[in-house]
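Undergrad: Before anything else, here's the structure in question.
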Amino acid sequence: QELAAGSTASDCCSIYLLNDKQTELVMRGPPCGVEPSLSERFWRVPMARSTSGDVLQALKPRAMRVDAMPAESRTVLDAAGLHHVALVLLVANGHIEGLLSLGRMSDLRYDAVDLEAAQFLAGQVALQIENARLHADTQLRLSQLSLLFEVTRIGSEEREVAPLVDRVLAEVLKSVPVDLALVHFVTGDKLTLAGGQVSPFGGKGALDAFAARPLDDTSMVGRAALNRRTFASSVDELSGTAQRTAQAHGIRYLIATPLVAHGRLLGTLEVARCSKQPFSEQDEKLLESCATHLANAVERARLYDDLKRSYQALAHTQAELVKHERLAALGELAAVMAHEVRNPLGVIFNSIGSLRKLLQPTGDAGMLFDIVNEEAERLNRIIGDLLDFARPYQVRRIPVALDRVIAGAVEAASRVEAAPQVEISTEVPGAFPPLLVDEALLRQALVNLVVNAIQAMPRGGKLKVSASAERHGERQVARIDVSDQGVGISAQNTERIFQPFFTTKVSGTGLGLAVVKRIVDAHDGEVDVKSSLGLGTTFTIRIPAAP
Ligand code: ADP
Ligand code: MG
């Protein structure tokens, strides 16, 4: 401006640039040679109904006497002490950038030569401006391109959805720039926060404030999702809670754009800005492309996740199948064995009974008869346990009162293993809801645990069976504890007690806990053990209340 004023013998000079919408001429810096208090009145000039506008329309420079100008312009120019003004176009490569305005306080009017010199100068200025603008534009494009490139790269690198979202948002925060960037996923009829990044201006609380939103048109993200199009807005245009929430975090401008992959709505990308700089149309476009890339990457990560889970499920099913097959084979074998062994066993029992009657043995002979009888009983028990273990389990769930099952199991166990020296107590909360289980199987499992507990306390002690309700996230779980004050289990045995045929007892079969495990598994439950040697043992069964 100073140079232009000097080389055209002017007292003041100002450069105006056309705004984007071409409705106004706007100064980009204070003019030279004008009082600061006055210069404010020159700052913006409308294109319509102004001399400057006319000059731009006519595409010709013009020199004027101030006193011959329309009243409006004249008062300002008079105040600045100007007598003559010249308006020349800033044109570069046929593209109009704006206007250069010159003023003289002397009575020397601008002649054709002055105008020509001014026009030449303005041409140079326009070229510089265009260069600067092109440079800025290129810079912007470059950063936009690199954002899209980064998003694509992250998408191809990251296989997990959560880190993918976080990394992309961090990139958006860096390149756009924004103060808050959020991704919501559609879950049922809600939009649930899937990730967010906040600049220091956005504040930490912002993520919580924007966490879950209804999927309806009460919010801008909701609208973006439902209509599958981008919405941009300033905070003044919002209403109600949305506006208050945004204002509370100093947010001025927002954009929400849908995440759509293969025609399917996955969620939304939302960004917010706290500075006074509104989002440009280019920002909107950029976020839209960013959302498209992100949506595709999320879709891919989800597919990958699904695939991984399917493989795991397949491996699990396969393992189950193998186990099932093995058990089925064992069951068949056990059934044949039981049949084959039980017949001779029956004969042995009968024969012993008859022999006892015939011989009426006493002393050593009587003792030998007892031994044969006991061992035959043991064989019979092994066969029974083996059948229990190998039998295929069909779980028939019915609502069952837990207190009744526990009482039944304690009674049956006491019959199997007489224990006058063991003090048994049970504890079930009064309002325990009925549990959906197979009653006979659950009783069988409890009988086995109680029998073991009794056997662990040959010198007596306390045995307690208690039930309680637990909550595991969304799931309601019934918990049953069987505790004794018996011999306990060593650490290295703890690893093996659930294996079939593992026993430390002279007349044990090692099948009791294996059966417990099978029954609990069949109910999608878990069985745990805590024990300390010499002090006692607690077995804990957990069964989900609803399958
Ligand atoms: P068994 O009772 O026929 O030995 P189980 O499968 O019922 O077979 O139990 C396996 C082993 O686990 C037992 O031999 C014993 O060593 C150990 N065990 C089970 N329950 C208890 C308990 N309550 N206290 C101490 N040891 C136990
Ligand atoms: Mg046992």
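Undergrad: In the stretch 473-517, which residues are more than 14 Å from ligand 2 (Cβ to nearest atom) and touching a residue at least 12 places away in the same chain (Cβ under 8 Å)?
TA: Correct list: 475, 476, 477, 478, 479, 480, 481, 483, 485, 488, 490, 494.
Undergrad: Can you pull out the residues in the stretch 324-352 that are under 17 Å from residue 385 (Cα atoms) and in contact with a Phe, Trp or Tyr (Cβ under 7 Å, 6 or more places away or on another chain)?
TA: Of everything in the stretch 324-352, nothing turns out to be under 17 Å from residue 385 (Cα atoms) and in contact with a Phe, Trp or Tyr (Cβ under 7 Å, 6 or more places away or on another chain).
Undergrad: Let me ask another. In the stretch 491-540, how many are under 26 Å from residue 383 (Cβ atoms), surrounded by 15 or more Cβ atoms within 10 Å (Cβ to Cβ) and among the hydrophobic types (A, V, I, L, M, F, W, C)?
TA: 13
Undergrad: Can I ask one more? Please tell me if residue 465 is under 19 Å from residue 411 (Cβ atoms), in contact with a helix residue (DSSP H, G or I) (Cβ under 9 Å, 6 or more places away or on another chain), more than 8 Å from ligand 1 (Cβ to nearest atom) and hydrophobic (A, V, I, L, M, F, W, C). Before you say what the answer is, go through the steps one by one.
TA: Details: under 19 Å from residue 411 (Cβ atoms): yes; in contact with a helix residue (DSSP H, G or I) (Cβ under 9 Å, 6 or more places away or on another chain): yes; more than 8 Å from ligand 1 (Cβ to nearest atom): yes; hydrophobic (A, V, I, L, M, F, W, C): yes.
Yes: the conditions hold for residue 465.
Undergrad: Kindly indicate whether any position in the stretch 113-134 is small (Gly, Ala, Ser), outside any helix (DSSP H, G or I) and surrounded by fewer than 12 Cβ atoms within 10 Å (Cβ to Cβ).
TA: No, the stretch 113-134 contains no residue that is small (Gly, Ala, Ser), outside any helix (DSSP H, G or I) and surrounded by fewer than 12 Cβ atoms within 10 Å (Cβ to Cβ).
Undergrad: Here is a follow-up. Under the condition of being touching a Leu at 6+ places or on another chain (Cβ under 9 Å) and not acidic (Asp, Glu), which residue from the stretch 106-126 is nearest to residue 60 (Cα to Cα)?
TA: Taking the candidates together, the pick is 119.
Here is a yes/no grid of residues against (1) part of a strand (DSSP E or B); (2) touching a residue at least 12 places away in the same chain (Cβ under 8 Å); (3) closer than 21 Å to residue 123 by Cβ; (4) within 57 Å of the chain's Cα centre (by Cα):
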| site | (1), (2), (3), (4) |
| --- | --- |
| 6 | no, no, yes, no |
| 9 | no, yes, yes, no |
| 20 | no, no, no, yes |
| 37 | no, no, no, yes |
| 41 | no, yes, no, yes |
| 48 | no, yes, no, yes |
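Undergrad: Let me ask something else about it. Within the stretch 59-71, is even one residue modelled with pLDDT under 90 and touching a strand residue (DSSP E or B) at 6+ places or on another chain (Cβ under 6 Å)?
TA: no
Undergrad: Please give the number of the condition residue 432 fails out of (1) hydrophobic (A, V, I, L, M, F, W, C); (2) more than 24 Å from residue 499 (Cα to Cα); (3) in contact with a Pro (Cβ under 7 Å, 6 or more places away or on another chain).
TA: (3)
Undergrad: Considering the stretch 196-219 alone, what residues qualify as being closer than 26 Å to residue 147 by Cβ, surrounded by fewer than 22 Cβ atoms within 10 Å (Cβ to Cβ) and out of contact with any His (no Cβ under 8 Å at 6 or more places or on another chain)?
TA: Of everything in the stretch 196-219, those that are closer than 26 Å to residue 147 by Cβ, surrounded by fewer than 22 Cβ atoms within 10 Å (Cβ to Cβ) and out of contact with any His (no Cβ under 8 Å at 6 or more places or on another chain) turn out to be 196, 198, 199, 200, 201, 204, 207, 211.
Undergrad: Can you say whether residue 99 is modelled with pLDDT of 85 or more and of a type in the set (A, V, I, L, M), as far as the supplied structure shows?
TA: Numbers: modelled with pLDDT of 85 or more: yes; of a type in the set (A, V, I, L, M): yes.
Yes; evaluated as a whole, the condition is true for this residue.
Undergrad: Give 429, 392, 434 a once-over and let me know the one that is closer than 19 Å to residue 519 by Cβ, touching a strand residue (DSSP E or B) at 6+ places or on another chain (Cβ under 9 Å) and modelled with pLDDT under 90.
TA: Values: 429 fails: closer than 19 Å to residue 519 by Cβ; 392 fails: touching a strand residue (DSSP E or B) at 6+ places or on another chain (Cβ under 9 Å).
Matching residue, one of 429, 392, 434: 434.
The values are calculated or read from the model by the stated rules, or taken from the named source; none is laboratory data. Please read all numbers here as calculations on a predicted model, not as lab measurements. Using ideal geometry, Cβ is built from the backbone for each residue, glycine included, and neighbour counts are taken over all protein chains shown.
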